[in-house]
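Computed from the coordinates by the stated procedures, all read-outs in this text should not be read as laboratory data. A quick note: this is a predicted structure, and the numbers were derived from the prediction, not measured. All Cβ positions, glycine included, derive from the backbone under ideal geometry; neighbour counts span all protein chains shown.
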Amino acid sequence: MSQISVSAPGKLMLFGEHSVVYGHPCIVTAINQRMQAVVELIDDPFLEIDANDVGVTGYKKPIKEIGRGEIPKGARFVEIAVKNILKNCPYTGGVKITTHSEFSSLFGFGSSSASTICVIKGLSELLDMKLDNMELFDLAYKTVSEIQGTISGFDVAAGIYGGTLYFIKPVHPRGGRTVLLGGVQEEINSIPLIVVYSGIKADTPTLVRHVAKLKQEKPEFVHTIFNTITKLVEKAKTALLEKDWKTAGELMNTNQEYLQSLGVSTEKLDSMINAACRAGAYGAKLSGAGGGDCIIALAPDENREEVKKAIQTAGGIIMNVNTNAPGVQITK
Ligand code: PMV
């Protein structure tokens, strides 16, 4: 077999963004919009990438040179993923990768992590490396952090395991080899979320740096916020498992207040969130780094439509997204 098709889900952060970077837990769900990749072993010792969704067409580089020199933004995750797999593998041929996304990379659904996972899963299968999910996580986590710097890996976990996860950032053991996934996976049946795109692309690394700076300047303040978010995440986990959407919504509001204190929310996000709450949502919050991307809301069935309308009036774009999607899959 020299060709394989793989897909991995996008993700949405439900609770605990930012504090998760510092070892606190978060809750993330995999969504039903997926990244697809066809991975092929070819004779010529080149890496070839077609990722039209992110403007990469006919990209070609000798395998010996991958990971070096200028790499176009849209090819970065795929190229570094291939480099990290081939580093420990005697394979000397070439690799061709074609990706296609069901969602725009602008939404913050984790297209970079999902494509990284697809490449690592597909290529490791073709090369008969028999990676288990933990090893897959390890390689994908290494790849994404090599490019993005400080991350938690919550999106990598969601892309691999799927479902809704309680996740804790892995602790790097000495020697920098295996990465242990500190979280547990728990199935929570589909959550009736309203997902809304703000129309603004967030820059995650900038926001992560902003919180790091705040943490340096006001360690006590940030420490207290992180500990409070941790308690809230534990409560949210119970609420989600019990399908207590009212409590989960109220916890979203509290989480949002702390994210505002960290300075990662914006006027646009706040006004969509306020509109949702005024229209009768149980609660709403930003999802992810902040600065833009998406907000999420939970509302009772009877005023769901009203809540959606209010958010639209505040400038939000309602997304058709379901939660608890399956993790990475070989499709052909
Ligand atoms: O911007 P997103 O959707 O990739 O979410 C970032 C979440 C952070 O906690 C801020 C960073 C991370 O790696 O967990």
Legend entry - Only Lys, Arg (+1) and Asp, Glu (-1) charged, at Cβ; the stretch 290-332 dipole about Cα centre in debye: 220
Legend entry - Pairwise label distance in nanometres, residue 329 with residue 306, each label 7 Å out on the Cα-Cβ vector: 3.8
Inset, instruction - Calculate the dipole size of the chain relative to its Cα centre from +1 charges on Lys and Arg beta carbons and -1 charges on Asp and Glu beta carbons; express the result in debye to the nearest 20. - result: 580
Legend entry - Added length on full extension, which subtracts the Cα-Cα distance from 0.36 nm per residue, residue 73 to residue 42: 8.8 nm
Legend entry - Quotient of Cα Rg and 2.2 N^0.38 Å for the stretch 1-104, N being how many residues it contains: 1.25
Inset, instruction - Could you tell me which of rounded, prolate or oblate describes the stretch 200-272, using a ≥ b ≥ c as the square roots of the eigenvalues of the alpha-carbon gyration tensor, with rounded for a/c under 1.5 and, failing that, prolate when a/b is larger than b/c and oblate otherwise? - result: oblate
Legend entry - Residue-averaged 222 nm ellipticity for the chain, from DSSP H runs of 4+ at -39500 (n - 2.57), nearest 500: -12500 deg cm²/dmol
Legend entry - For the stretch 44-167, convex hull of alpha carbons as volume per residue, Å³: 108
Inset, instruction - Sort out for me the Cα centre separation of the stretch 231-281 from the stretch 12-72, rounded to whole Å. - result: 30
Legend entry - Label point distance in nm, residue 150-residue 2, each placed 7 Å from Cα along Cα→Cβ: 4.6
Legend entry - the stretch 75-129 - convex hull of alpha carbons, volume per residue in Å³: 79
Inset, instruction - In debye, nearest 20, what is the charge dipole magnitude of the stretch 177-314 about its Cα centre with +1 on Lys and Arg Cβ and -1 on Asp and Glu Cβ, if you could check? - result: 400
Legend entry - Alpha-carbon Rg/Rh ratio, for the stretch 3-47, with Rh computed the Kirkwood way: 1.25
Legend entry - Dimensions in Å of the chain - Rg and Dmax from alpha carbons: 19.8, 61
